[in-house]
1. Under unit Cβ charges (Lys, Arg +1; Asp, Glu -1), what dipole magnitude, rounded to 20 debye, does segment 203-314 have relative to its Cα centre?
2. Count the net charge of all other residues whose Cβ sits under 13 Å from the Cβ of V221, scoring Lys and Arg as +1 and Asp and Glu as -1.
3. Normalised by the number of residues in segment 248-302, what is the relative contact order in percent for Cα pairs under 8 Å and 6+ residues apart?
4. How much accessible surface does M154 have with a 1.4 Å probe, in Å² rounded to 10?
5. Over the chain, what is the percentage of antiparallel beta bridges among all DSSP beta bridges, to the nearest 5?
6. Take the alpha carbon atoms of segment 297-357, find their center, do the same for segment 166-182, and report the distance between the two centers in whole angstrom.
7. How much net charge surrounds A208 when only other residues with a Cβ under 9 Å from its Cβ are counted (Lys, Arg +1; Asp, Glu -1)?
8. Output the direction-averaged projected area (hull surface divided by four) of the convex hull of the alpha-carbon atoms of segment 359-492, in nm².
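The values are calculated or read from the model by the stated rules, or taken from the named source; none is laboratory data. Since this is a predicted model, take the numbers as computed values, not measurements. Cβ placement follows ideal geometry from the backbone for every residue including glycine, while neighbour counts extend to all protein chains displayed. The area values use the complete protein model at the heavy-atom level, side chains included, leaving out ligands, DNA and RNA. Shrake-Rupley method; radii C 1.70, N 1.55, O 1.52, S 1.80 Å.
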Amino acid sequence: MIAGQWIDGRAQHGSGDTMQILNPATGTVIDEVRLATPEDVAAAVAAAKEAFVGWSTATPGERSTVLHDLAARMSARAEEYAQAESAQAGKPIRLTREFDVPGSIDNAEFFAGAARHLQGSAAAEWDGTHTSTVRREAIGVVGSIAPWNYPLQMAMWKMLPAVAAGNTIVLKPSEMTPITSLMLAEDATAAGMPDGVFNVITGTGPVAGEALIGHPDVRMVSFTGSTRVGHRVAEVAMAGLKRIHLELGGKAPFVVFEDADLEAAIQGAVAASLINTGQDCTAATRAYVHRSLYDQFVDGVATVMDGIVLGDTADEGTDIGPLISPTQQAKVAAMVERAVAGGAKVACGGFVPEGDGAFYRPTLVTDATQDSEIVQEEIFGPVLVALPFDDDDEALRLANDTPYGLAASAWTTDVVRAHRATREIQAGCVWINDHIPIVSEMPHGGFKQSGFGKDMSSYSFEEYTQIKHVSFDITGESHKPWHRTIFTGNND
Ligand code: NAD
């Protein structure tokens, strides 16, 4: 049994029930863990609160050194991370080796550098009688909650900007996928991160999650997960007037204009809809395709999807893995069935293949209506819906016509059209002629029901720091001229 909690610099067992951690590709048990109770959460928060005093006053250089060391340790164990992430989340090993793990290490290196670039504005005498400066200060203990789809990357996105800015953190990974977050905590401690700065609690959302975000000593709540749970998290956190950062669900449009490079759009649509078996908040889910290209697009995407290899996630030859659980598999299958019952058609896939594991064949749905569930709701599976449009106004209107606004792409060779799409699409990221690539230097975060606040990049420091105005009188006068607006008795 693994010790599922990392509290105050050491591995511990939780005091709650025992839960199995399963490999979704095989349904076999990888390990067992004892879940955190509210008492375990309180111990982690207490450790983080105590550690805040020292960590928030450590120099940026000291914090940076620890993060550089962490990146080096992760690089040394990269294959171990890749294997663990693949097993617990059902990801093909090619994805964890080439995307999850290197991306996470790059993130650590970015924040190791960024820790030394936290700045306020320059000092100045704005009114001639005072010098003002701005201090950017850490907030305190951050309570972070992460989902199961990119366990390691989400742990990094939560932990790195928080600790680089001098906060301490209690992270609750998804109880289904805690293993790489625990490895990360172990490596952070070995890298010299003081005890209590980074704590991991493995527990369920309603028990450990709510105990964390409702704890009075947690000053900020940072959540990545579904919009539904995000509403609940906001409610609990708001009751304590905590700062909130929400990275929620998505329903990304993929707009193919009439002048697009069709082959690029077909290749891009398959990659962007199937990444992580479609369990990606930015995955392409709604392809709006100009009617002149529509039939060719549908044929092209269906052909490539039909060739996608599902199977053993440990095999470099496997393209996509299973869904995270039989529950998620059933949810995806039911959504496609309801779409078909409502008049939609399936151009490829649309079924659970034979064999073990929570697999679902890559699926292209056509003939759905804009207001149908499959177009409006997050599916979180390997399913793309294609819909035709007739002009640019219609395409952009349809692209914006869901409650979400996380990511989008537009495919065109016309620079004016591309600029219009980037202005008018309501999403935290708009790609032109690509869809998915992210970099540590650029922000990630949503509009509308996809939440608010940014992960990665220097913009994430806006979430994890608070601004203090410091004002020095520079006149040295006892009787200041502005006092006469309050009283006039002794102004001479
Ligand atoms: P989820 O909302 O079910 O769970 C996310 C986390 O919240 C888990 O750790 C869970 O234990 C916890 N949780 C559940 N109920 C809770 C409660 N009442 N109080 C506190 N915590 C609670 O999401 P999921 O199924 O794990 O992940 C998939 C979702 O995450 C999708 O909607 C996806 O779009 C979203 N996501 C968003 C981003 C982004 O950057 N915007 C990134 C990745 C995933």
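1. Numbers: 8 positive and 13 negative charges, 163 e Å.
Computed charge dipole of segment 203-314: roughly 780 debye.
2. Working: positive: K158, K172, R219, R232, K242, R243; negative: E210, D217, E235, E247, E463.
Within the 13 Å Cβ shell, the charges total +1.
3. Details: 62 pairs, mean separation 28.0, N = 55.
It comes to 51 percent, rounded to a whole number.
4. Around 10 Å² of this residue is reachable by solvent.
5. Details: 27 of 67 bridges.
Antiparallel: roughly 40 percent of the beta bridges in the chain.
6. With segment 297-357 and segment 166-182 each reduced to a Cα centre, they are spaced 30 Å.
7. Numbers: positive: K172; negative: D40, E175, E210.
Here the count lands on -2.
8. On the way: hull surface 63.5 nm².
Mean projected area of the Cα convex hull: 15.9 nm².
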